[in-house]
1. Report the full-extension gain for the segment A:ALA213 to A:ALA362: residue separation times 0.36 nm, less the Cα-Cα distance, to one decimal in nm.
2. Just want to confirm a number: the relative contact order over the stretch A:193-328, from Cα pairs under 8 angstrom separated by 6+ residues, in percent.
3. Could you state the accessible area per residue of the stretch A:1-86 in Å², with a 1.4 Å probe and every protein chain left in place?
4. Take B:GLU199 and A:ASP438, extend 7 Å from each Cα along the Cα→Cβ direction, and tell me the distance between the two endpoints in nm.
5. Give me the accessible area of A:PHE276, 1.4 Å probe, in Å² rounded to the nearest 10.
6. Using mean Cβ contacts within 10 Å as the protection proxy, how do A:391-400, B:214-223, A:206-215 order, highest first?
7. Calculate what fraction, in whole %, of the accessible area of the stretch A:374-440 sits on carbon and sulfur atoms when a 1.4 Å probe is rolled over the protein chains.
8. Show me, for the stretch A:51-56, the HN-Hα J-couplings you get by feeding each phi into the Karplus relation (A = 6.51, B = -1.76, C = 1.60, θ = phi - 60°), rounded to Hz, glycine and proline as x.
Amino acid sequence: MIRENTDLLIVGGGPAGMSAAIAAASCGVRSVLVDEGSELGGQVYRKPLVPDAPKAHPTGEALRLAIADHSRRGRIDVRSNTAVWSVFKNNEVAIVAGNRSALVSAKKIILAPGAHEYVPPFPGWTTPGVMTAGAAQIMLKTMGLRPGKRIAIAGSGPLLVALAAQLVRKGFPVANVIEASPFRAWLKLPIQGWRAPRLMAEGLGYLATLRKAGVPVQYGRIVTQAHEENGMLARISHAPVDDDWVPDTTSIESEEIDTLCMSYGLIPRSFIFQIFGCEMNYREDIGGWVPTRNTDMTTSLPNVYAAGDGTGVAGSVVAQLEGELAGLSAAKALGARDTDARIGKVHRALERMRPVREALDAISIPRPGLQTLIRDDTIVCRCEELTWSEVRAGVENGGTKFRTLKPATRLGMGPCQARFCWPSMSRQIAKIAALDSDQIGPISPRPPIRPVTLGAVAAEQGETS
Amino acid sequence: MTTTSDVVVIGAGAYGTSVAYSFAKRGQSVTLLDAANSGKATSASAGGLWAIGESLGLGCGVIFHTHEEPVNEGAGPQPVPRHFMEFLRTSSRYFPELANELGARTGMNIEAESGTGLFYLLYDATTQQHAREILNWLGHDETLAQEWGRDRVLAHDRNLAEDILGAVYFPGDNQVNPMFLTEAYKRAAIADGMRFVAEARVVDLCMAGDQITTVRTTAGDFSAGIVVNAAGAWAGQLSRLAGASIPLIPVRGQIVCTETLKPTLTCNLSTIDCYIMQKAHGEVLIGSTTEMVGYDTSVTYDRIVELAKGAVRAVPGLEGATIKRTWAGLRPGTPDELPILGREPSVANLHYCTGGFRTGIVSAPLSGEMVAAAALGERTEVPIDPYLASRFDSKLDLSHFETTAA
């Protein structure tokens, strides 16, 4: 088996992972930084790949420059296009790169897996032309591509307005932004705004762009159906909602749209912590099952640190601070000196951010009314094309946990391992089984958590022990 | 409060749901308790219905009766006793009708295939010698096994490695979806009035004399005239609660599953390294290891590598297939590799339906029927005596099992 050893392994090259590597390097600790992308930055600081793409975010550029500098000096070993697919006993982390699997052992490991979007099922949501806001953002940020002609952006949370403004600034018109939370909820945000001036400035800038371009932002509405014609999205229906986001189906409006970009906030990509065996706890306000953490960012496993949105969604500013804290803490544990003052400073900065993130959580956390959109024939598990009635039959025959419903119905048995169906299905199952969402349990992820081929594994050379 | 029924079945794997259904079909009131342990063998089974192949030990990559051990009668370990091969063939014949019956009762398709067959691929002179011994043992009965030359095998399935020397073809060895089989049994029994209790972990078996009076669980107390131990790899622990002892231990099997592929394999495959099967949903399953490591359900890197190498060796085109999952199950293993069925000698109302080991799916229909019939005083389809717990002396001798060095 190919095995290599390192003091510090950092998984994920978004704001948290990059900051962790920089912080550790600044303390003289070398690290291996593993990232799936071809360029560091993660989702939020994605690097433009063609000249026609919008300019890179300055914070992302600064982080990339700092990494490049440390990398030249041999302090950070950046492995792009590399994914962690599992961990085996004695902390042997299995990575795959260039279609070859290998094992890496590390004294300390920082996991910064990030988050993905929450798109709850609703009638027509699998129609071609409906995409996640994140997918649209990748097309825009890396290639400068226009996702469609008549674009609507719908869901909840700050990503909607950000994506709309980024499209408009690139010269791509946006027909409508449909935000589930009422306007009055967003009005409360500026009270906390002074704590995060950069975020506030960005947000106000986005709104100004949209106002100038005449893009309507409709608050307190959700998309109730995507209508298909000739196999493509042709129209959407949307309706006003009450405080629980239950739509008023008597006042549905219809609009011709060919591209619908959806996001109801983010879900932590916390599988990797489960695979490592970290203790998990259920936090509805930050997206579901997240690893239990100590103030130094260690998980229940003393050699495994957790940072960024993958530990509970809080955005790029918090992710960067958490990454820095994890990097400093790991460096300290590896013997670096004079880290305490810096650790204290980052703690205080994180503390200042807390009210902002709590205010944002309160606005964008998905409300139960979204579940009312699910009908018997609505596909609830895209990978397996399962309808709600098929899953419900499993629940009615005694399946109450994700773990038992999986073999019984194939719910979550597809490649996504229930990443996408878990948030809505755990709520839905809880509803009819009269349980709390946390009682439905997390999904039970199995290796590989990222794609690896049989050939990549079979290519392992040497003696098998 | 105690819930009372005619029968309590403990364990909702393939054996537990099968026996519960057999009792329910006979008009008995049944309660089925499930602890949802992680590592249930049913969930880590490939669902091979290999009455003949399994009898010859081809089910786990020829792990058991390796070809170094001749399968000639009277020389070295036997594949399995002939009565058990007949047991497996009888049970295997249940599936076509069972698929219709359960389909009609539940609307579920258990994906029981017919006409798939099984190839045992011959790689070298040693496996060829093994093939000759297999064919001899089966008396050259072409309905059971046929020797196919290389060209015929490759014409049948173009995806196989070109350097094979040939194969033994088992025309009657097909496959089923083991998870859907279990779920359909459960749903059919529920339709017959069975009570299913999820998350019910047995914490005690309360006794009065030689009778179990109460099955105490995390989901309440249950009592019944007939208590069935169908707890799979946990059956030994369960019986100890009633002061009974059976030589049964968990045997870990690791398994690799690919993403959904276009129809690639025309046939089930067994090789010296592993088995390879494409399921109805398009996934290819590659298994399995045979390890005695207690209740550890983790997968190990080196074993996954071995299985991947074995798959690519047999079907080179699988190289580019993405692995969707790897996991492990705990099969209930007994010293003679036969199931434990029927009554426990020391407890008046305790019956076994367990020990399916690597034949648990193919043997589930007949095992369930036998246990229900015997418990109710009916005549069983084949004699139950060879499968009774009373066949064991007290010693737990599993020395012939291949194990991983701990």
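1. 50.8 nm
2. Result for the stretch A:193-328 is 13 percent.
3. Result: 42 Å² per residue.
4. Here the answer is 1.3 nm between the modelled labels.
5. It works out to around 20 Å².
6. Order by mean packing, descending: A:391-400, B:214-223, A:206-215.
7. Reported share for carbon and sulfur atoms: 46 percent.
8. Listing the rounded values in order: x, 6, 6, x, 4, 5 Hz.
The values are calculated or read from the model by the stated rules, or taken from the named source; none is laboratory data. Note that the coordinates shown come from a computational prediction; the quantities given were computed from them, not determined experimentally. Glycine gets a Cβ as well: all are built from the backbone with ideal geometry, and neighbour counts include every protein chain shown. The protein model used for the area step is the full one, side chains on, heavy atoms only, and it has no ligands, DNA or RNA in it. Shrake-Rupley method; radii C 1.70, N 1.55, O 1.52, S 1.80 Å.
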